[in-house]
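Okay, structure first, notes after.
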Amino acid sequence: MGNIRKTYSKEYKLDVVKKYLYEGWTKREIMDQFRISSSMLHRWVTVFK
């Protein structure tokens, strides 16, 4: 079997981005807490802006 990609809802992504941009969470805290990569966070932030 191949790898199964995890999908995230728009609400979930928005919550993560808000924590990063407005609540002062560090990139490392976001990556550890939500188990996402740095590049994924960057893409979500880019889409949000």
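Listed by first and then second residue, the pairs with beta-carbon distance under 7 Å, at least 6 apart or on different chains, first residue in segment 20-49 and touching a residue at least 24 places away in the same chain (Cβ under 8 Å) and β-branched (V, I, T), second surrounded by fewer than 16 Cβ atoms within 10 Å (Cβ to Cβ) and part of a helix (DSSP H, G or I), are V45/L21. Checking R5, R28, R43 one by one, the residue that is loosely packed, with under 15 Cβ neighbours inside 10 Å, on the phi < 0 side of the Ramachandran plot, basic (K, R) and not in a helix (DSSP H, G or I) is R5 and no other. The residues of segment 9-18 that are over 9 Å from the mean Cα position of the chain (by Cα) and closer than 16 Å to T46 by Cβ, listed by number, are K10, K18.
Any read-out appearing in this document is the output of simple, stated calculations on the displayed coordinates, not a laboratory observation. All values derive from a computational prediction rather than experimental measurement. Glycine gets a Cβ as well: all are built from the backbone with ideal geometry, and neighbour counts include every protein chain shown.
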